[in-house]
1. Identify, please: which residue in segment 79-132 is of a type in the set (Val, Ile, Thr) and within 26 Å of residue 171 (Cα to Cα) and is, among those, surrounded by the fewest Cβ atoms within 10 Å (Cβ to Cβ)?
2. Based on this model, can you work out whether residue 278 counts as out of contact with any Gly (no Cβ under 8 Å at 6 or more places or on another chain) and either at pLDDT below 90 or not aromatic (Phe, Trp, Tyr) (or both)?
3. Taking segment 7-22 on its own, how many of its residues are more than 15 Å from the chain's Cα centre (by Cα) and either of a type in the set (A, V, I, L, M, F, W, C) or not assigned by TED's automatic domain parsing to the domain that holds residue 73 (or both)?
4. Taking into account only those residues within segment 212-270 that are β-branched (Val, Ile, Thr) and touching a Phe, Trp or Tyr at 6+ places or on another chain (Cβ under 9 Å), which is nearest to residue 199 (Cα to Cα)?
5. Restricting attention to segment 30-60, which residues are outside any strand (DSSP E or B), of a type in the set (S, T, N, Q) and touching a Gly at 6+ places or on another chain (Cβ under 9 Å)?
6. Filter segment 275-306 for residues that are in a helix (DSSP H, G or I) and closer than 23 Å to residue 21 by Cα and give the result.
7. Scan 256, 292 and give me the residue that is of a type outside the set (Val, Ile, Thr) and surrounded by fewer than 16 Cβ atoms within 10 Å (Cβ to Cβ).
8. Taking the options 310, 320, name whichever one is surrounded by fewer than 21 Cβ atoms within 10 Å (Cβ to Cβ), closer than 19 Å to residue 355 by Cβ, modelled with pLDDT of 95 or more and not aliphatic (A, V, I, L, M).
Amino acid sequence: MKKVCHITSAHPPGDIRIFHKECLALARAGYEVTLLVNNGHNQTREGVRIISVSSFRSRWWRMLISPWMMYFHALGCRAALFHLHDPELLVTGFLLKISGKKVVYDAHEDTSLQIRSKYYLKPFLRRVASGLIRKTENLASVAFDAMVAASEGVQQAFPAKTQPSVTLLRNYPDLREFTRRDMGGDQEAKETPHTICYIGAISESRGLHTLLSSLDHHTARLEMAGPCYPPALADEIRRSDPDRRILYHGMLDRDGVQKVLQRSSVGLVVLPPADNHLVALPVKMFEYMAAGLPVIASDFPLWRQIVEGNGCGYCIGPGNAALLGATVEYLLGRDELRDEMGANGRRAVEKFYNWAVEEKRLLQLYENITG
């Protein structure tokens with residue numbers, strides 16, 4: 001049995017892409033999988049051995065120390081391949097290559113663009129960090145055994161000469177997790193039409209102000225689940241809700257997410273037009289579709305092609321809270337249209353946007369590297 005090791009210093013142990021998709025796919029295929037994380041605890045879940053390397057309260061200490069700690073723990077795994085998931089672990093990857101190991105780097109986003117909107121960095125440092133990460137990832141694309149990109153936009157951020165060797169592994173949903181609203185689930189939830197949802201990281205740079213302001217323009221309850229950046233935003237969400245129309249869950253496990261989706265009638269992904277958003281494939285959008293929910297998304301060309309191209313929702317101008325509210329209210333008043341759009345989205349996921357295709361590509365990549 002081949003041993004492989006996934007490493008993340010910034011993501012939680014139950015990360016959807018890392019654990020639920022990649023690690024579990026490899027475990028099902030017969031690999032012995034170890035996942036190194038921070039801020040967790042040692043356990044074995046569904047055939048994957050999870051090792052918590054350390055715990056950090058400070059982001060800066062984590063970024064400074066984790067690459068070295070992960071490197072020494074990785075050596076102890078004696079794996080045939082090491083799969084890295086965070087830009088700060090590029091240092092770990094270079095150390096592993098020097099040690100003669102096989103290394104894969106997984107670019108979840110175009111980090112060079114993403115870092116330009118980091119609230120905790122001054123503008124000058126954002127520019128410096130953006131350029132440094134771009135150059136380091138470009139160097140890794142030559143030095144490492146393989147690069148993985150979560151979307152075409154991320155793939156195209158690499159140098160033209162290395163792009164053909166970058167494996168596209170899109171963040172599409174695993175249909176085994178999702179039940180269509182007309183195929184079971186909580187019957188009482190399905191009879192509550194005035195609930196909308198947002199699942200994912202919550203921040204001003206991800207459209208929080210638009211979500212909250214839209215409450216003045218529709219009558220639905222808003223359920224939200226995901227981490228807040230910065231954490232103090234959770235208190236702001238609660239203060240902004242005197243009528244108790246927002247239900248903020250914090251972090252939920254996969255079962256909790258499914259329950260929110262079953263209670264909801266519309267899924268929202270109304271991010272502002274930051275450069276990294278324009279090329280992203282947000283997992284939440286495809287999860288709404290997989291669950292049979294109509295989608296209201298920002299009007300970016302790539303997203304419009306998916307959402308309106310498949311007849312599963314509407315794309316609206318980002319930042320327009322009044323239009324978002326009006327679109328929500330329009331859908332809530334039309335049961336048949338919601339059902340039709342939800343069914344269209346589910347069919348599109350079943351046909352095009354599902355993890356089964358990406359899983360085969362992952363397994364082929366590992367076979368090519370490990371032999």
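1. Keep residues of segment 79-132 that are of a type in the set (Val, Ile, Thr), which gives 91-92, 98, 103-104, 111, 115, 128.
Next cut, within 26 Å of residue 171 (Cα to Cα) only: 91-92, 103-104, 111, 115.
Values: 91: 17, 92: 26, 103: 26, 104: 22, 111: 22, 115: 22.
If we take residues in segment 79-132 being of a type in the set (Val, Ile, Thr) and within 26 Å of residue 171 (Cα to Cα), then 91 is surrounded by the fewest Cβ atoms within 10 Å (Cβ to Cβ).
2. Working: out of contact with any Gly (no Cβ under 8 Å at 6 or more places or on another chain): no; either at pLDDT below 90 or not aromatic (Phe, Trp, Tyr) (or both): yes.
Taking the combined requirement at face value, the residue does not satisfy it.
3. Final tally of qualifying residues: 1.
4. Filtering segment 212-270 for residues β-branched (Val, Ile, Thr) gives 219, 237, 246, 257, 260, 266, 269-270.
Checking the rest, the ones that are also touching a Phe, Trp or Tyr at 6+ places or on another chain (Cβ under 9 Å) come to 237, 266, 269-270.
Numbers: 237: 15, 266: 11, 269: 8, 270: 11 Å.
Filtering first and then ranking leaves 269.
5. Step one: of segment 30-60, the residues outside any strand (DSSP E or B) are 30-31, 39-42, 46-47, 55-60.
After this cut, where a residue has to be of a type in the set (S, T, N, Q) as well, the list is 39, 42, 55, 58.
Matches in segment 30-60: 55 only.
6. Our first condition is that a residue be in a helix (DSSP H, G or I); within segment 275-306, this holds for 275-278, 283-290, 301-306.
Across segment 275-306, the qualifying residues are 276, 277, 283, 284, 285, 286, 287, 288, 289, 290, 303, 306.
7. Numbers: 292 fails: surrounded by fewer than 16 Cβ atoms within 10 Å (Cβ to Cβ).
Exactly one of 256, 292 is of a type outside the set (Val, Ile, Thr) and surrounded by fewer than 16 Cβ atoms within 10 Å (Cβ to Cβ), namely 256.
8. On the way: 320 fails: closer than 19 Å to residue 355 by Cβ.
Result of the check over 310, 320: 310.
The values are calculated or read from the model by the stated rules, or taken from the named source; none is laboratory data. Predicted model, so just to flag it, every value in this text is computed and none were measured. A quick note on method: Cβ atoms are made from the backbone with ideal geometry, for glycine too, and the neighbour counts reach across all protein chains shown.
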